[in-house]
Amino acid sequence: MTSQRLRLGVNIDHVATIRNARGGTMPDPVRAAHAAARAGADGITAHLREDRRHISDADIERLSREIDLPLNFEMAATPEMLAIALKAKPHAACIVPEKREERTTEGGLDARRQHNQLAPIVAKLAENGSRVSLFVEPDPVQLDAAVSLGAQVVELHVGRYCDLFAEGDHAGAARELARIQDAARHGAAVGLEVHAGHGLTFETVADIAAIPELVELNIGHFLIGEAIFIGLEAAIAEMRQQMMLGRARAA
């Protein structure tokens with residue numbers, strides 16, 4: 001398979017987390033989106049959670065209005081979020097699982113078991129002009145379910161690989177990486193555009209970027225954390241460099 005340039009979507013959720021910790025308007029996640037664009041991001045990702053713990057409705061409105069980059073709107077499969085997505089008309093709508101008690105998204109959708117719930121939402125989003133993505137585990141069963149639902153894109157949850165790597169479990173990380181590689185091949189073979197995200201760092205991104213079937217990575221929390229020390233644009237530039245080094249292996 002011929003390697004292609006790997007896109008980088010920058011998730012700005014946790015700029016809003018910092019803002020909301022104190023209230024007010026600073027730091028502004030839309031300003032972060034502009035900085036990401038200057039640094040070469042290919043898109044902006046924002047998750048409007050039901051509890052509004054970080055991104056707000058007003059943020060989504062401003063991002064839709066003020067940012068020229070494609071907006072990837074992460075959303076739970078609920079009537080409220082569907083209505084907001086239909087109004088905002090984002091470039092992409094990524095359906096993710098969501099639980100009130102979690103600190104962050106803990107895993108992928110069960111697209112097979114939730115078929116009846118997801119099918120009308122996927123259809124309405126697609127009819128409204130958004131590319132529909134499902135955030136799923138690297139499991140062929142889930143990828144086949146995404147195809148049956150009519151989704152154009154899947155984003156593979158790579159958080160387990162990142163966690164195992166951080167824990168120093170190299171054997172476990174290698175097994176999980178192989179699972180991600182197999183899932184990416186399967187997804188491409190069944191006609192899906194395959195993305196990946198969750199937990200990626202400078203240290204873990206190259207191995208994921210080396211998977212030739214992947215088209216886009218979505219990265220947020222780590223970049224916002226690094227921005228404290230080196231600035232957001234520098235963090236994005238370094239992440240891009242590590243992605244390019246990894247992608248070069250797939251050439």
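Could you check, for the stretch 19-28, whether at least one of its residues is surrounded by 16 or more Cβ atoms within 10 Å (Cβ to Cβ), more than 25 Å from residue 188 (Cβ to Cβ), of a type in the set (A, V, I, L, M) and modelled with pLDDT of 95 or more?
Scanning the stretch 19-28 turns up no residue that is surrounded by 16 or more Cβ atoms within 10 Å (Cβ to Cβ), more than 25 Å from residue 188 (Cβ to Cβ), of a type in the set (A, V, I, L, M) and modelled with pLDDT of 95 or more.
Give the stretch 52-73 a look and list any residue that's under 12 Å from residue 88 (Cα atoms) and open to solvent by less than 30 Å² (accessible area, probe 1.4 Å), or say none.
59, 60, 63, 71, 72, 73
Scan the stretch 149-161 for residues that are of a type outside the set (Lys, Arg) and open to solvent by 50 Å² or more (accessible area, probe 1.4 Å) and jot them down.
Result: 152, single match.
Condition (residue is part of a strand (DSSP E or B) and either out of contact with any Gly (no Cβ under 8 Å at 6 or more places or on another chain) or surrounded by fewer than 22 Cβ atoms within 10 Å (Cβ to Cβ) (or both)) applied to the stretch 105-113: is it met by at least one residue?
Within the stretch 105-113 (the criterion being part of a strand (DSSP E or B) and either out of contact with any Gly (no Cβ under 8 Å at 6 or more places or on another chain) or surrounded by fewer than 22 Cβ atoms within 10 Å (Cβ to Cβ) (or both)), the answer is yes, since at least one residue qualifies.
When you go through 171, 235, 183, 146 one by one, which is the residue that is open to solvent by 10 Å² or more (accessible area, probe 1.4 Å), of a type in the set (A, V, I, L, M, F, W, C) and not in a loop (DSSP other than H, G, I, E, B)?
Numbers: 235 fails: open to solvent by 10 Å² or more (accessible area, probe 1.4 Å); 183 fails: open to solvent by 10 Å² or more (accessible area, probe 1.4 Å); 146 fails: open to solvent by 10 Å² or more (accessible area, probe 1.4 Å).
Going through 171, 235, 183, 146 in turn, the sole match is 171.
Starting from residues that are assigned to a strand (DSSP E or B) and open to solvent by 10 Å² or more (accessible area, probe 1.4 Å), keep the ones in the stretch 186-201 and report whichever is nearest to residue 239 (Cα to Cα).
Checked the stretch 186-201; the qualifying residue nearest to residue 239 (Cα to Cα) is 195.
So the check is Cβ under 8 Å with 6+ separation or different chains; which pairs have a first residue in the stretch 203-220 that's within 16 Å of residue 134 (Cα to Cα) and of a type in the set (Asp, Glu) and a second one that's open to solvent by 20 Å² or more (accessible area, probe 1.4 Å) and in a loop (DSSP other than H, G, I, E, B)?
Pairs that qualify, where the first residue is within 16 Å of residue 134 (Cα to Cα) and of a type in the set (Asp, Glu) and the partner is open to solvent by 20 Å² or more (accessible area, probe 1.4 Å) and in a loop (DSSP other than H, G, I, E, B), are 216/42.
Yes/no matrix, rows are residues, columns are (1) in contact (Cβ under 8 Å) with a residue 24 or more places away in the chain; (2) out of contact with any Gly (no Cβ under 9 Å at 6 or more places or on another chain); (3) assigned to a helix (DSSP H, G or I):
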{"residue": "44", "(1), (2), (3)": "yes, no, no"}
{"residue": "50", "(1), (2), (3)": "yes, yes, no"}
{"residue": "53", "(1), (2), (3)": "yes, yes, no"}
{"residue": "58", "(1), (2), (3)": "no, yes, yes"}
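Among the residues of the stretch 202-223, how many are open to solvent by less than 30 Å² (accessible area, probe 1.4 Å) and more than 17 Å from residue 40 (Cβ to Cβ)?
Matching residues across the stretch 202-223 total 7.
Taking the stretch 122-143 as the region of interest, how many residues are in a helix (DSSP H, G or I), touching a His at 6+ places or on another chain (Cβ under 7 Å) and open to solvent by less than 50 Å² (accessible area, probe 1.4 Å)?
Pass one, the stretch 122-143, residues in a helix (DSSP H, G or I): 122-127, 140-143.
Subsequent filtering for residues that are touching a His at 6+ places or on another chain (Cβ under 7 Å) retains 140, 143.
Keeping just the survivors that are open to solvent by less than 50 Å² (accessible area, probe 1.4 Å) gives 143.
So the count comes out to 1.
Just to be sure, is residue 157 within 25 Å of residue 48 (Cα to Cα) and out of contact with any Leu (no Cβ under 7 Å at 6 or more places or on another chain)? Explain how you work it out, then say what you get.
Numbers: within 25 Å of residue 48 (Cα to Cα): yes; out of contact with any Leu (no Cβ under 7 Å at 6 or more places or on another chain): yes.
Criteria met by residue 157.
From the residues in the stretch 1-18 that are closer than 25 Å to residue 184 by Cα and modelled with pLDDT of 95 or more, which one is surrounded by the most Cβ atoms within 10 Å (Cβ to Cβ)?
Our first condition is that a residue be closer than 25 Å to residue 184 by Cα; within the stretch 1-18, this holds for 1-11.
If we keep only those that are modelled with pLDDT of 95 or more too, we end up with 6-11.
On the way: 6: 24, 7: 16, 8: 22, 9: 24, 10: 29, 11: 27.
In this case the residue turns out to be 10.
If you scan the stretch 238-251, which residues turn out to be assigned to a helix (DSSP H, G or I) and open to solvent by 10 Å² or more (accessible area, probe 1.4 Å)?
Restricting attention to the stretch 238-251, the residues satisfying the condition of being assigned to a helix (DSSP H, G or I) are 238-249.
Hits for the stretch 238-251 are 238, 240, 241, 242, 244, 245, 247, 248, 249.
So is residue 49 in contact with an Asp or Glu (Cβ under 9 Å, 6 or more places away or on another chain), among the basic types (Lys, Arg) and open to solvent by 40 Å² or more (accessible area, probe 1.4 Å) or not?
Details: in contact with an Asp or Glu (Cβ under 9 Å, 6 or more places away or on another chain): yes; among the basic types (Lys, Arg): yes; open to solvent by 40 Å² or more (accessible area, probe 1.4 Å): no.
So residue 49 does not fit the description; no.
If only one of 67, 84 is touching a strand residue (DSSP E or B) at 6+ places or on another chain (Cβ under 9 Å) and farther than 24 Å from residue 196 by Cα, which one is it?
The unique qualifying residue is 84.
Using the structure shown, decide if residue 164 is at pLDDT below 95 and open to solvent by less than 60 Å² (accessible area, probe 1.4 Å).
Criteria not met by residue 164.
The values are calculated or read from the model by the stated rules, or taken from the named source; none is laboratory data. Every value quoted in this text rests on a predicted model; they were computed, and no experiment measured them. Here Cβ is always computed from backbone atoms with ideal geometry, including for glycine, and neighbour counts include all displayed protein chains. Surface areas here come from the heavy atoms of the whole protein model, side chains and all, with no ligands, DNA or RNA. Shrake-Rupley method; radii C 1.70, N 1.55, O 1.52, S 1.80 Å.
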